[in-house]
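Below is one structure; the comments refer to it alone.
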């Protein structure tokens, strides 16, 4: 949707084809974190820093006004083993130009009143934000300038002379001068390559509203085990944490979003009691005041995860007018608007504002399925 917005502003006549309805997939099930805190050091962290700044720009220029909320994220170390993870991630963030603040003892208790007394240390990652995925999509849709074809599945691409001349839908063939494959797991239906992207399920919990006596939550609390589960740091002495991370996110409604799991399966229609119970136990250990609240909803979504943990963004081999942007896993909300802008630049034949060579489809030799 972001790419459609920016391409239409650049003068293109754009059509978005969706096999269902927009934001009904991973975008609609996301936690909304526009965050650098959990990003793996290297290209992803660098791009996330630029992505947060881009959100700020879109809010300031009115595109996402009232949809992007600035805030800090608080990474919490509760065990001695986690202090190394906290120190390492904090140093990497600072090296990337992200302002951070170490909190211990009294400063931790005063700043993050909701943290358990057993918390050893925390790092405040400043200048982050939050944006609800489906609200961002709806804002871009309302701004208009492009057509959305709902319940219209693309079943093939019509190729001619090293280019794609049209998309084949269930209703017929539509001409196309350029094609951007941004369909998550479905993008691989048109590309030659197996095992590059796999489904990764995540389960999330929503509580009821907290009372006025709830201790202070100045922003989301992220257990350092979340960094391990996401692959930002090797498991080391915490192998049991690789499938479950923990973030407790205070919502604008007064409720809390607690998540989440990382499961290599694609069943998004169910939640299981064992995973939910584990997340709740960890959440109460991180912030004991949560034990007063009730769970009112549990839901799941499926992310598209690449083999090397990096999104795939760039031109596809086998055609000179086909690009792909997929495999963002849990980073889609954070990176989405910026990536849409960069895709617009590439499709228009302009140099991208950011170096995304590390995300290129050529690292896997990706080609169109019929051109393999």
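What follows draws every value from the coordinates through simple rules; no lab data is involved. No experiment lies behind these values; they were computed from the predicted model shown. So basically every Cβ, Gly included, is an ideal-geometry build from the backbone, and we count neighbours across all protein chains shown.
Calculate the length of the line joining the C-alpha centroid of the range 264-298 to that of the range 111-158, in whole Å.
Here the two parts' Cα centres lie 21 Å apart.
With axes computed from alpha carbons, what is the tilt in degrees of helix 43-60 against the longest principal axis of the chain, rounded to the nearest 10 within 0 to 90?
90 degrees
When the helix-only estimate is applied to the chain (DSSP H runs of n ≥ 4, each -39,500 (n - 2.57), divided by the residue count), what is the mean residue ellipticity at 222 nm, nearest 500 deg cm²/dmol?
Details: 8 runs with 97 residues, N = 372.
For the chain, the value works out to -8000 deg cm²/dmol.
By average Cβ neighbour count within 10 Å, what is the ranking of 65-75, 290-300 from highest down? Intermediate results must be reported in sequence, preceding the final value.
Details: 65-75: 19.3, 290-300: 14.6.
Order by mean packing, descending: 65-75, 290-300.
Per 0.36 nm of contour for each residue apart, how much would the distance between residue 66 and residue 109 grow if the chain were fully extended, relative to their Cα-Cα spacing? Intermediate results must be reported in sequence, preceding the final value.
Working: separation 43, 0.36 × 43 = 15.48 nm, distance 3.05 nm.
Difference between extended and current length: 12.4 nm.
Once each part is reduced to its C-alpha centroid, what is the distance from the range 185-224 to the range 1-49 in angstrom?
The range 185-224 and the range 1-49 have Cα centres separated by 15 Å.
Extending each Cα 7 Å along its Cβ direction at residue 147 and residue 355, get the distance between those two points in nm, one decimal.
4.1 nm
Please determine, in degrees from 0 to 90 and to the nearest 10, the orientation of helix 273-286 with respect to the longest principal axis defined by the Cα atoms of the chain, where the helix direction is its Cα long axis.
It works out to around 50 degrees.
Estimate the FRET efficiency between residue 118 and residue 362 by the formula 1/(1 + (r/R0)^6), using the beta-carbon distance for r and 51 Å for R0, to the nearest 0.05.
On the way: r = 48 Å, r/R0 = 0.94.
So the FRET efficiency works out to roughly 0.60.
Quick one: angle between helix 133-143 and the longest Cα principal axis of the chain, in degrees between 0 and 90, rounded to 10, please.
Computed tilt is about 40 degrees.
Here are labelled values, (i) 0.93; (ii) 1.10; (iii) 0.98, and one is the computed Rg/Rh (Cα atoms, Kirkwood Rh) for what I pasted. Which one?
The value computed from this structure is option (iii).
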